[in-house]
Amino acid sequence: MPFHATVLTLYPEMFPGPLGTSLAGRALERGDWRLDTVHIRAFGEGRHRAVDDTPAGGGAGMVLRADVLGRAIDHAVPSADGRPRLLMSPRGRPLTQARVRALASGEGALLVCGRFEGVDERVIEGRGLEEVSIGDYILSGGEIAALVLLDAVVRLLPGVMGNAQSGDTESFETGLLEHPHYTRPAEWEGRGIPSVLTSGDHGAVERWRRAEAERLTRERRPDLL
Ligand code: SAH
């Protein structure tokens, strides 16, 4: 069974969006992964299909209702569905390449996209949602975060990336940032290519790349070392 993503959102028209093009889009067409959206609005309350309400205790903004979201989740995933249930949330554990790899090797995921001030805490507890953040900044909704997560996962799925090898030396995969890249022309605006890269000495190239990766990581992301 291919990787199966189910996205709960108030904006289903945002999917597959950019994931309908390029490698991910072709893989989606081939059936190498599957994407369903569930419109949260369809489970809203009353004639106006209300999905949000004012925060208990007062304050600004609106909160996605637990009953509405609970119904949407129960419709989307029967309780026997073992896929992880993720809530896109700036309060979540930051997404890492390791988590992306773990997700890519699983059956799929349910992704809940928040809006407004967020979702009623009780639905997070009651439906066992795991909060996942894509970084320390605030988006207006979880949809773009879900697209980011899915893009990172889908490119790892078997058959999706043309050059299977280019996966393993990528930044974070080795615990280091990746070394710099060069291609033709050999000279551009007076800038050459480091001569080791055109020397034909594969051992020397490997050593140079490793040293550059370590230098860049030390300079930019010492926290990774
Ligand atoms: N009031 C909340 C922010 C709500 S932003 C707070 O201060 O924590 C509205 C929705 O956008 C969230 O429910 C979440 O689904 C999504 N979102 C915003 N920033 C995000 C981030 N960095 N990572 C993942 N999802 C995010």
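The values are calculated or read from the model by the stated rules, or taken from the named source; none is laboratory data. Quantities reported herein were computed from a predicted structural model and do not represent experimental measurements. Cβ: placed from backbone, ideal geometry, glycine included. Neighbour counts: every protein chain shown. Surface areas here come from the heavy atoms of the whole protein model, side chains and all, with no ligands, DNA or RNA. Shrake-Rupley method; radii C 1.70, N 1.55, O 1.52, S 1.80 Å.
Scan PHE116, PHE43 and give me the residue that is in contact with a Leu (Cβ under 9 Å, 6 or more places away or on another chain), at positive phi and either assigned by TED's automatic domain parsing to the domain that holds LEU10 or at pLDDT 95 or above (or both).
Values: PHE43 fails: at positive phi.
None of the others qualify; the one that does is PHE116.
Scan the helices (runs of 4 or more DSSP H) fully inside the stretch 63-159 and keep the ones with 2 or more residues being open to solvent by 70 Å² or more (accessible area, probe 1.4 Å) and near the ligand (Cβ under 9 Å from one of its atoms). Walk me through how you get there before you give the answer.
Numbers: elements: 66-76, 97-104, 121-126, 143-154.
Passing ranges: none, list empty.
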Neighbours by Cβ (under 7 Å, 6+ apart or cross-chain): first from the stretch 191-204, closer than 13 Å to HIS181 by Cα; second exposed (fewer than 12 other Cβ atoms within 10 Å of the Cβ):
GLY192/ALA186; ILE193/ALA186
If you check every pair at least six apart or on different chains, which have Cβ atoms under 6 Å apart with a residue in the stretch 114-127 that is in contact (Cβ under 8 Å) with a residue 24 or more places away in the chain first and a residue that is near the ligand (Cβ under 6 Å from one of its atoms) second?
GLY114/GLY142; ARG115/GLY141
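State whether the residues of the stretch 7-20 include one that is touching a Ser or Thr at 6+ places or on another chain (Cβ under 7 Å) and among the aromatic types (Phe, Trp, Tyr). Outline the logic, then answer.
Restricting attention to the stretch 7-20, the residues satisfying the condition of being touching a Ser or Thr at 6+ places or on another chain (Cβ under 7 Å) are 7, 9, 12, 15.
If we keep only those that are among the aromatic types (Phe, Trp, Tyr) as well, we get 15.
Checking the stretch 7-20: at least one residue is touching a Ser or Thr at 6+ places or on another chain (Cβ under 7 Å) and among the aromatic types (Phe, Trp, Tyr).
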